[in-house]
Amino acid sequence: MRSVHLPRNFEELWTVLGNEPDAALYAGGTDFLVKMRSGLEAPECLICLERVEELIGVRDEGEEVFIAAATTHSRLLETTLIQREFPVLAQALAVLGSPPIRHMGTIGGNIVTASPAGDTLPPLYALKAEVEIRSADGERRAPIGDFIQGPGMAALEKGEVVTGVRLGKNARWNVQHYEKVGRRKAQACSVASMAALMEVSDSGVIQAVRLAWGSVGPTVVTSAEVEEALCGEKLCPDTLRRAAALVEKTVSPISDVRAGAEYRKTLAGALLLRLNDYANVPVTEA
């Protein structure tokens with residue numbers, strides 16, 4: 001018979017983990033409990049993190065924002081600070097799963113699950129998020145691109161817990177956009193997705209850009225080559241079309257039940273072309 005523990009703070013958590021080092025940890029359980037039901041996971045001991053006080057909430061820490069790992073997607077969507085500073089993340093949260101999933105699922109769970117189709121991951125890569133990790137012995141941070149190592153693979157050692165994610169504020173991004181394509185319009189796992197941050201001048205020139213694609217590789221895909229090709233260029237269909245050709249060469253999707261690899265490559269480039277419609281940056285004549 002499985003045992004289930006519900007620690008209320010870090011002190012209780014470290015005590016339980018010390019006694020049950022092989023326990024499986026979860027918060028909302030929207031992915032983990034499905035795996036248990038299907039027989040893919042069969043732990044003897046469970047630790048639910050949803051009541052650990054230190055793992056819930058959003059803190060404004062001046063130049064950066066800390067999002068605690070067990071904060072639900074719906075709570076983040078309702079947080080004015082997230083909407084104001086990181087609209088690209090808010091856009092991704094708004095299309096993640098269904099309302100019940102958003103009420104249960106947590107940002108820490110989305111990170112640790114490490115699915116290339118996870119909706120919050122492309123925005124977190126584009127925002128250069130740092131994952132905060134703790135154990136009873138101390139704390140460390142890791143860039144999200146180093147923490148996520150492959151599908152379902154995260155750089156988490158036994159006894160460690162993801163406690164949150166840190167995002168740096170940056171007012172330069174006057175274009176923030178997230179979009180995904182699924183097999184239906186709602187409650188769909190993405191066939192391809194893209195997060196974009198851009199600084200566009202009043203004359204329409206791209207001065208800085210960060211891009212990240214989901215569902216088109218074993219992890220979220222970024223490309224310095226594509227970003228460099230856009231910088232210094234006018235934001236227009238011709239510029240985006242040239243860059244989209246590079247995107248199709250950069251991504252490495254697979255074929256699965258949702259879509260074929262070639263279709264995903266085409267989508268990855270097409271999502272970049274859509275930025276011309278969504279930028280909405282006032283442009284003055286040179």
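The values are calculated or read from the model by the stated rules, or taken from the named source; none is laboratory data. All of these numbers come straight from a predicted model, not from anything done at the bench. FYI the Cβ positions are ideal-geometry reconstructions off the backbone, even for glycines, and counts take in every protein chain you see. For the accessible areas, the whole protein counts, side chains as well, though only heavy atoms, and no ligand, DNA or RNA atoms are used. Shrake-Rupley method; radii C 1.70, N 1.55, O 1.52, S 1.80 Å.
Structure summary
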item	result
Any hit, the stretch 23-31, residues being in contact with a Pro (Cβ under 8 Å, 6 or more places away or on another chain), assigned to a strand (DSSP E or B) and under 20 Å from residue 113 (Cβ atoms)	yes
Top-ranked residue of the stretch 97-110 - restricted to ones that are over 21 Å from residue 9 (Cα atoms) and buried (at least 20 other Cβ atoms within 10 Å of the Cβ), ranked as nearest to the chain's Cα centre (by Cα)	110
Residue selected from the stretch 176-194 under the condition of a type in the set (A, V, I, L, M) and open to solvent by 10 Å² or more (accessible area, probe 1.4 Å), by the criterion modelled with the highest pLDDT	181
Considering residues of the stretch 74-95 that are in a loop (DSSP other than H, G, I, E, B) and free of Cβ contacts under 8 Å to residues at least 40 places away in the same chain only, the residue least open to solvent (accessible area, probe 1.4 Å)	79
Helices (runs of 4 or more DSSP H) contained in the stretch 96-186 and holding at least 2 residues free of Cβ contacts under 8 Å to residues at least 60 places away in the same chain	99-104, 107-113, 144-147
Failed item in (1) modelled with pLDDT under 95; (2) within 21 Å of the chain's Cα centre (by Cα), with residue 210 passing the rest	(1)
Members of the stretch 210-231 found to be touching a Phe, Trp or Tyr at 6+ places or on another chain (Cβ under 9 Å), without any contact (Cβ under 8 Å) to a residue 60 or more places away in the chain and either surrounded by fewer than 22 Cβ atoms within 10 Å (Cβ to Cβ) or farther than 13 Å from residue 145 by Cα (or both), listed by number	223
Residue match in the stretch 166-175 (condition: open to solvent by less than 40 Å² (accessible area, probe 1.4 Å) and more than 21 Å from residue 83 (Cα to Cα))	no
Among the residues listed as 46, 17, the single one being open to solvent by less than 20 Å² (accessible area, probe 1.4 Å), in contact (Cβ under 8 Å) with a residue 40 or more places away in the chain, more than 30 Å from residue 181 (Cα to Cα) and not in a helix (DSSP H, G or I)	46
Criterion violated by residue 35 - all others in (1) at pLDDT 90 or above; (2) surrounded by fewer than 17 Cβ atoms within 10 Å (Cβ to Cβ); (3) within 24 Å of residue 114 (Cβ to Cβ) satisfied	(1)
Boolean, residue 4 is open to solvent by 20 Å² or more (accessible area, probe 1.4 Å) and at pLDDT 85 or above	yes
Hits in the stretch 1-47 - residues which are of a type in the set (Ser, Thr, Tyr), farther than 19 Å from residue 133 by Cα and in contact with a helix residue (DSSP H, G or I) (Cβ under 9 Å, 6 or more places away or on another chain)	30
Residue in the stretch 127-136 that is in contact with a Lys or Arg (Cβ under 6 Å, 6 or more places away or on another chain), open to solvent by 10 Å² or more (accessible area, probe 1.4 Å) and more than 17 Å from residue 34 (Cβ to Cβ) present	yes
Flag if residue 10 is within 30 Å of residue 95 (Cα to Cα) and among the aromatic types (Phe, Trp, Tyr)	no
Residue in the stretch 49-73 that is farthest from residue 165 (Cα to Cα), counting only those that are outside any helix (DSSP H, G or I) and acidic (Asp, Glu)	50
Residue 65 buried (at least 19 other Cβ atoms within 10 Å of the Cβ), touching a His at 6+ places or on another chain (Cβ under 8 Å) and within 17 Å of residue 169 (Cα to Cα)	no
